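Okay, so here's the structure we're looking at.
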Amino acid sequence: MKRVDELLQNYREEMMETLQSWVKIPSVKGDPAPGAPFGVENRKALDLAMADCEKMGMKTLIVDGYAGHADLGEGDDYEALAILAHLDVVPAGDGWSRDPFGAQRIDGKMYGRGTSDDKGPAVAALYAMRAVKEAGIPLSRKVRLILGCDEECGSSDMQYYKEKVTMPRSGFSPDANYPVINIEKGGAHIHLAGQLCACGLQVVSMKVGERPNVIPGLATATVKGDESTASAAEKAGEKLGFPVKAKAENGLVAIETVGVTGHAAFPSHGRNAIGQMLLIFKELGVKGVLLDMADAIGMTYGGENLGIAMEDALSGPLTCSLDIIRIEDGKVEALMDIRYPVLLNEEMMLKQLKMRLSNMEVTMPHSHAPHYVSADTKLVQELLEAYHEVTGMEKKTIAIGGGTYAQSMEEGVAFGALFLDEEEMAHQADEYISEESLYQNARIFARAIVRLAGENK
């Protein structure tokens, strides 16, 4: 692998430049257009990525704008080693100190939406394939890099891809953490709807959140009241320990709560501004369904007040995050993101939620089952060896709440790209990846390719 490492060292600057060009495309899901089912920016990102793959000598295919792939080597598609990454990103959100699509490079880091989730890892995988190719390492099976455009909004891209093209049986997705993630929790979106109460604090409007998998870091609401209401709101924030701004005008009070944005799979790593606002409403005397939501959800992240808290030894605890809310015309609608352990019964969970929030309509518009691959498989063991060879770190498997493209394969796992000593920046303001991290990821992915697809393995 010495020659591969030398090549990757030489590619370091080029890798950063490639990533910079990818990040500058704001590939947030948009309105469908001809040849661009997820919006024109996502199609631009896909076209650019495939063009870069072709420049490196890969055979490419774009599947109707849903996804594309780049092949290294020959062989049966089903038996190919697949590497699945995504080019779409979540909206920038609040709290950035830099242009979220500026791809600024400062002190060895590149800042921008998608740098770590998931364009950076995709670039690292591409250059790992290039290094293996240019080092002349013979392959026993095809290596296929698959790049999608709708991972952040349900992975409909992979569903379409699998209908049109043969999906390889086995592979990995560099869209989470190291070492190897062989268990991904089940996931469910819970929709809540109800009528506001005519008594107590009157909430006029609130519109917060864009995606169910992004913790909102800023919430604003309008309630009926005066200067005393505004003062009470700010004092409630002091009491509860988080910043609140309130201003009264013409019989209405505008209230703002400031939290910390983040990924809904790790709700305790952020601070949910919607939950903060619900607690302020409670302090101001709200009644009815909003009081129920404040008591049952509020700032809790494990479903404990909903009666659904649980964990198992395989996959860890359930997590719950209320990430979208709309209040207008006396009605409230909200969407919760729940990641649940392997042993939880989805039907029983929904039944319990309906009991706890009995004054609301509770439905589950979307869910997916947990995903599990045995730690004893060749795939997992060789990936662990590749990781250990570069880092010297412990070879172990872990479970996460996030869902990745790994679930699109019969035998798929998440592998990287976040190292144990790095901070989680996915879906957060000032998202970044370091040049060193990009390089080390490429080294690990190259070793994984050689171990799993090399002719002598």
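Tabulated data for the structure shown
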item	result
Those strands (runs of 3 or more DSSP E) lying entirely in the range 215-289 with at least 3 residues open to solvent by less than 70 Å² (accessible area, probe 1.4 Å) and touching a residue at least 40 places away in the same chain (Cβ under 8 Å)	218-224
Members of the range 41-57 that are open to solvent by less than 10 Å² (accessible area, probe 1.4 Å) and not small (Gly, Ala, Ser)	Asn42, Leu46, Met50, Cys53
Subset of the range 92-147 that is more than 24 Å from the chain's Cα centre (by Cα) and open to solvent by less than 30 Å² (accessible area, probe 1.4 Å) - its residue that is farthest from Leu72 (Cα to Cα)	Ala131
Close pairs from the range 183-210: first open to solvent by 40 Å² or more (accessible area, probe 1.4 Å), partner part of a strand (DSSP E or B) and polar (S, T, N, Q), Cβ under 6 Å, at least 6 apart	His191/Thr363; Val204/Thr222; Ser205/Thr222
Residues (at pLDDT 95 or above and touching a Lys or Arg at 6+ places or on another chain (Cβ under 6 Å)) located in the range 432-457	Tyr432, Ser434, Tyr439, Arg451, Ala453
Residues being part of a helix (DSSP H, G or I) and open to solvent by 50 Å² or more (accessible area, probe 1.4 Å) - total across the range 293-329	3
Leading residue by the ranking (farthest from the chain's Cα centre (by Cα)) among those in the range 1-30 that are basic (Lys, Arg) and not in a helix (DSSP H, G or I)	Lys24
Top-ranked residue in the range 76-91 [being assigned to a loop (DSSP other than H, G, I, E, B) and closer than 22 Å to Ala426 by Cβ; ranked as most open to solvent (accessible area, probe 1.4 Å)]	Pro91
The listed residue being open to solvent by less than 50 Å² (accessible area, probe 1.4 Å), among the hydroxyl-bearing types (Ser, Thr, Tyr) and in contact with a Gly (Cβ under 6 Å, 6 or more places away or on another chain), out of Ser434, Ser408	Ser434
The range 15-29, residues that are open to solvent by 30 Å² or more (accessible area, probe 1.4 Å) and touching a residue at least 12 places away in the same chain (Cβ under 8 Å)	Gln20, Ser21, Lys24, Pro26, Val28, Lys29
Residues of the range 148-182 classified as of a type in the set (S, T, N, Q), surrounded by fewer than 18 Cβ atoms within 10 Å (Cβ to Cβ) and in a loop (DSSP other than H, G, I, E, B), total	1
Residue match in the range 346-359 (condition: assigned to a loop (DSSP other than H, G, I, E, B), out of contact with any Leu (no Cβ under 8 Å at 6 or more places or on another chain) and loosely packed, with under 15 Cβ neighbours inside 10 Å)	yes
Any hit, the range 10-26, residues being over 22 Å from Glu435 (Cα atoms) and charged (D, E, K, R)	no
Subset of the range 31-40 [of a type outside the set (Asp, Glu), in a loop (DSSP other than H, G, I, E, B) and either open to solvent by 40 Å² or more (accessible area, probe 1.4 Å) or over 17 Å from Met158 (Cβ atoms) (or both)]	Pro32, Pro34, Gly35, Gly39
Residue in the range 48-61 that is among the β-branched types (Val, Ile, Thr), touching a residue at least 40 places away in the same chain (Cβ under 8 Å) and either over 23 Å from Pro100 (Cα atoms) or touching an Asp or Glu at 6+ places or on another chain (Cβ under 8 Å) (or both) present	no
One residue from Val332, Val380 being in a strand (DSSP E or B) and either surrounded by 22 or more Cβ atoms within 10 Å (Cβ to Cβ) or not hydroxyl-bearing (Ser, Thr, Tyr) (or both)	Val332
Selected residue (only one of Met336, Met348 is under 22 Å from the mean Cα position of the chain (by Cα) and within 30 Å of Asn272 (Cα to Cα))	Met336
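The values are calculated or read from the model by the stated rules, or taken from the named source; none is laboratory data. All values derive from a computational prediction rather than experimental measurement. With ideal geometry, Cβ positions are generated from the backbone for all residues, glycine too; neighbour counts draw on all protein chains shown. Side chains included, ligands, DNA and RNA excluded: accessible areas come from the protein's heavy atoms. Shrake-Rupley method; radii C 1.70, N 1.55, O 1.52, S 1.80 Å.
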